[in-house]
Amino acid sequence: MAEHVSVTQISKYVGQEVTLKGWVYNRTDKGKLSFLLVRDGTGFIQCVAFKGDLSPELFEQISHLPQESSVIITGSVREDKRAPGIPGGYEVGIKDLQVVQTAELDYPMSLKDHGVDFALDNRHLWIRMQSQWAILRVRATVMAATREWLDTNGFTAMDTPILTPAAAEGTTTLFETEYFDEGKAYLAQTGQLYNEANIFAFGKVYCFGPTFRAEKSKTRRHLTEFWMLEPEIAFCDLDGLMEVEEQMITHIVQRVLRDREPELKFLGRDLSKLENIKAPFPRISYDDAAKMLQDLYEKETDPEKKELLKFDWGIDFGAPHETAITQQFDKPVFVYGYPSAVKAFYMEPWPGRPEVCKSVDLLAPEGYGEICGGSERMSSHENLLARIHKEGLPEDAFKWYLDLRKYGSVPHSGFGMGTERVTAWMCGIEHVREAIAFPRTIKRVYP
Ligand code: 4AD
Ligand code: MG
């Protein structure tokens with residue numbers, strides 16, 4: 001048998017005989033020719049069966065192969081600009097084909113458009129489709145590029161627990177479970193607090209794992225289970241944090257462009273919008289963002305849009321506010337110094353302005369909005385204890401966290417990046433639910 005190669009490597013084998021192992025994605029018959037679009041996990045390629053090259057039985061079998069049948073194909077590689085596929089431009093002239101399994105004829109995900117609920121019910125099959133495959137390949141590269149940047153910039157990877165004793169990001173989005181004789185435990189909303197312990201041992205750390213929020217919101221930006229990357233850095237203030245974020249995001253975008261161009265092109269992504277994403281990113285204060293929104297509100301003539309832009313100092317941004325702000329920039333924009341009241345308990349107050357905190361959100365362009373949220377952390381034991389009391393949080397559960405402010409406390413900062421939000425932005429897709437293989441939302445825990 002000829003060498004087994006993958007579709008991504010096919011350009012190196014022009015004129016040679018190769019073996020492909022994969023699945024029949026689509027089939028078109030034209031008299032003496034049968035065109036198979038075959039996928040092998042790394043790409044999609046056209047394979048052509050010509051009646052004259054094959055035994056009558058084999059040609060008959062190929063020209064009746066159902067969608068999704070698994071096959072092993074041997075054939076010769078040719079360059080052909082017109083050949084469809086991802087990346088496309090090559091085809092294989094079939095010399096032999098072995099059927100591993102003939103798929104049943106009632107495959108639910110035929111290649112027509114399906115309603116989104118039907119597609120989500122069949123997510124286990126939907127991920128085989130070109131668009132979904134392309135998105136999830138981009139996701140994998142986003143994650144790999146993230147780890148690559150952190151690992152080569154002095155960060156130590158730490159794994160933080162999923163089962164935790166207390167809330168860290170507000171008590172309204174907790175998933176609760178019984179924990180033996182210990183009472184209640186909660187699925188982690190963040191690994192941050194543990195990473196704050198980790199930095200005192202390792203300096204710069206990150207965790208990258210699943211995160212859980214019982215989000216009642218049914219928006220295109222929210223999942224109940226998502227993957228969050230969380231770096232945490234000792235001896236780092238808010239400015240230092242923004243530098244880390246912009247360097248890391250630049251690296252992620254540039255590597256996605258380098259490695260996933262065929263996928264992005266298939267998705268119809270405007271690459272020029274991503275090519276422009278290079279540090280430094282603009283930085284504006286919450287106060288300035290509020291002024292910007294006020295100006296946009298005054299200029300807006302459409303009454304419906306005007307209503308959505310309504311904004312008073314002190315509230316958190318809604319999706320329409322974030323969209324309006326990001327439309328003023330062609331790069332991600334940092335908004336820093338939010339009102340303390342709308343942010344988490346652990347954020348360092350702004351010097352001389354206790355109603356404001358040293359927080360920063362990074363908003364992605366083209367209306368994508370918040371992709372990263374972070375802050376400088378409270379480093380004083382006294383202030384942190386006061387805040388824990390004020391928020392009505394259980395002091396006992398935070399005893400260890402308070403210890404960190406007693407033994408060698410330093411200014412420190414960190415942020416969280418939502419993998420699905422970054423992936424959705426890279427791909428130019430509407431909804432984060434397509435940016436994870438098996439999405440969990442308020443209405444969905446199947447399949
Ligand atoms: O802004 P968030 O809630 O920040 C934290 O959890 C901090 N503890 C992170 C830290 O400083 N270490 O979440 C961070 C990011 C958001 O910017 C967003 O990209 C993503 O996580 N995110 C979600 N993504 C999908 N679905 C949800 N329900 C999300 N909630 C947050
Ligand atoms: Mg946030």
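What to note about this one:
- For the chain, the longest principal axis of the Cα atoms and the long axis of helix 286-299 meet at an angle of about 70 degrees.
- Cross-link pairs beyond the 26 Å C-alpha cut-off, checked among LYS358/LYS443; LYS216/LYS343; LYS216/LYS273; LYS204/LYS390: LYS358/LYS443; LYS216/LYS273; LYS204/LYS390
- Accessible surface of the chain [probe 1.4 Å, protein heavy atoms]: carbon and sulfur percent: 51 percent
- Legend: residues TRP149, TRP313, TRP425, sorted from most to least accessible area (1.4 Å probe; ligands, DNA and RNA excluded), read TRP313, TRP149, TRP425.
- Shape class for the stretch 190-265: oblate, because the ratio a/c of the largest to smallest gyration tensor axis (alpha-carbon atoms, square roots of eigenvalues) is 1.5 or more and b/c is at least a/b.
- Accessible surface calculations at 1.4 Å, restricted to protein heavy atoms, place the stretch 124-435 at 44 Å² per residue.
- Mean separation of Cα contacts under 8 Å, 6 or more apart, over the residue count of the stretch 124-435: relative contact order %: 21 percent
- Rounded tilt (10° steps) of 381-390 against the dominant C-alpha axis of the chain: 80 degrees
- Spin-label pair SER55-ASP312: with each label point 7 Å from Cα along the Cα-Cβ axis, the two points sit 8.1 nm from one another.
- The value of relative contact order for the stretch 1-87, using C-alpha pairs under 8 Å at least six residues apart, is 36 percent.
- Fraction of antiparallel bridges per DSSP, the chain only, in percent to nearest 5: 90 percent
- In terms of the mean number of neighbouring beta-carbon atoms within 10 Å, the peptides 333-340, 348-355 order highest first as 333-340, 348-355.
- Distance histogram for the chain (every C-alpha pair counted, 20 angstrom bins, percent rounded to whole numbers): 22, 47, 25, 6, 0
- Å² per residue, accessible surface of the stretch 22-72 at 1.4 Å: 43 Å²
- Largest GNM mean-square fluctuation across ALA134, ALA168, ALA83, computed for the chain with C-alpha springs under 10 Å, falls on ALA83.
The values are calculated or read from the model by the stated rules, or taken from the named source; none is laboratory data. Predicted, not measured: the structure shown is a model, and the values here were computed from it. All Cβ positions, even for glycine, are placed from backbone atoms using ideal geometry, and neighbour counts span all protein chains on display. Accessible surface is based on the protein model in full, side chains and every heavy atom, while ligands, DNA and RNA are left aside. Shrake-Rupley method; radii C 1.70, N 1.55, O 1.52, S 1.80 Å.
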